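S.K.: I have a structure I would like to understand better, so I am pasting it below and will then ask my questions one at a time.
The values are calculated or read from the model by the stated rules, or taken from the named source; none is laboratory data. Please read these numbers as outputs of a predicted model, since none were measured by experiment. Heads up, the Cβs are rebuilt from the backbone with ideal geometry, glycines too, and the neighbour counts pull from every protein chain shown. When the accessible area is computed, the model is the full protein with side chains, heavy atoms only, and any ligands, DNA or RNA have been set aside. Shrake-Rupley method; radii C 1.70, N 1.55, O 1.52, S 1.80 Å.
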Amino acid sequence: MLGHVNDSGFWITTKIAGLTVKGGLKTYTTSEAIAGIVVLIITLVGAHIF
């Protein structure tokens, strides 16, 4: 859920977007956190239904 500089996806996203390391960490970590929360909600709803 949290971005890290050892993550290859972080470097790809940062280089393509033209961000600094600090800006990349903010952007990448925020987007991964949002995705993690959405997946958690979907999983909890699915577990409740089934």
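S.K.: Per DSSP helix of 4 or more residues, -39500 (n - 2.57); summed, then divided by the residues of the chain. What does that give at 222 nm, rounded to the nearest 500?
M.R.: -26500 deg cm²/dmol
S.K.: Roll a 1.4 angstrom probe over the protein heavy atoms and tell me the percent of accessible area of the chain that is carbon or sulfur.
M.R.: 74 percent
S.K.: Please sort 37-46, 19-28 by packing, taking for each peptide the average over its residues of neighbouring beta carbons within 10 angstrom, highest first.
M.R.: The most tightly packed comes first, giving 19-28, 37-46.
S.K.: If you line up the long axis of helix 8-17 against the longest principal axis of the chain, both from Cα atoms, how many degrees apart are they, to the nearest 10?
M.R.: 60 degrees
S.K.: Starting at 0 and stepping by 10 Å, how many percent of the alpha carbon pairs of the chain end up in each bin?
M.R.: Each 10 Å bin holds this share of Cα pairs: 27, 40, 20, 12, 2.
S.K.: To the nearest 10 degrees, how steeply does helix 21-49 sit against the main Cα axis of the chain, on a 0 to 90 scale?
M.R.: Roughly 10 degrees, rounded to the nearest 10.
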